[in-house]
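Novice: Take a look at this one; I'll ask things after.
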C-alpha cells in the first residue's frame, strides 16, 4: 500500500515537471533574446532606444491627396500638414527641406507609403503647398531635433 502511494506520488510529480520544464525553457530563451541588445555606439542611438536610420539626403518625395482613411484608420485630411513613411512610427516629426527652393517644414508621419520605388516620403496637399512641391521634388529629411 505504501509502495503504491509512493509510485503514484512520483507519477504526479513527473506530470508536473513535464508542464513546468517547457515554461522554464521558454523563459530562458526569452531572457537570452532580450538581453542581447543591438550595438549602439552614439548617444543618439542609445537615446532613441534602437539603431537610428541614417538621414535621407537628396531623395525624391511625392504628393498624395486621395483616399478617405489613413493607415491608422482615421479620416485622411489632405489639407493638413502630414506625410507618409514606410516604417517610421506614427507621430514621428520630420524636418523636411525642399532642395529646389530651400523651404523647410516640420511634418508628422500619419500614414504609410509611398509605395512607388525610389521615394522616401509622400506629402499631403497641405504639406506640399507649404514646402512648394508640385508632384515630385528632391528633399532632405531629418528627424526633428537632429537636423
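The values are calculated or read from the model by the stated rules, or taken from the named source; none is laboratory data. Worth saying up front: this structure is predicted, and the values here are computed from it rather than measured. Reconstructed Cβ throughout: ideal geometry from the backbone, glycine too, with neighbour counts over all protein chains shown.
Novice: Restricting to the range 119-135, name every residue that is surrounded by 13 or more Cβ atoms within 10 Å (Cβ to Cβ) and over 10 Å from residue 96 (Cβ atoms).
Specialist: 119, 122, 124, 125, 126, 128, 129, 132
Novice: For residue 86, all conditions in the list (1) out of contact with any strand residue (DSSP E or B) (no Cβ under 8 Å at 6 or more places or on another chain); (2) at positive phi; (3) modelled with pLDDT of 90 or more hold save one; what is the number of the exception?
Specialist: (2)
Novice: Also, I was wondering about something else. So residue 111 passes all but one of these: (1) touching a strand residue (DSSP E or B) at 6+ places or on another chain (Cβ under 8 Å); (2) closer than 13 Å to residue 58 by Cα. Which condition number does it fail?
Specialist: (2)
Novice: If we keep just the residues of the range 53-75 that are over 14 Å from residue 140 (Cα atoms) and in contact with a strand residue (DSSP E or B) (Cβ under 6 Å, 6 or more places away or on another chain), which is surrounded by the most Cβ atoms within 10 Å (Cβ to Cβ)?
Specialist: The residue in question is 63.
Novice: Counting only residues that are over 21 Å from the mean Cα position of the chain (by Cα), give me the strands (runs of 3 or more DSSP E) lying completely in the range 90-134 with at least 1 of them.
Specialist: The strands (runs of 3 or more DSSP E) meeting that bar are 93-98, 104-111.
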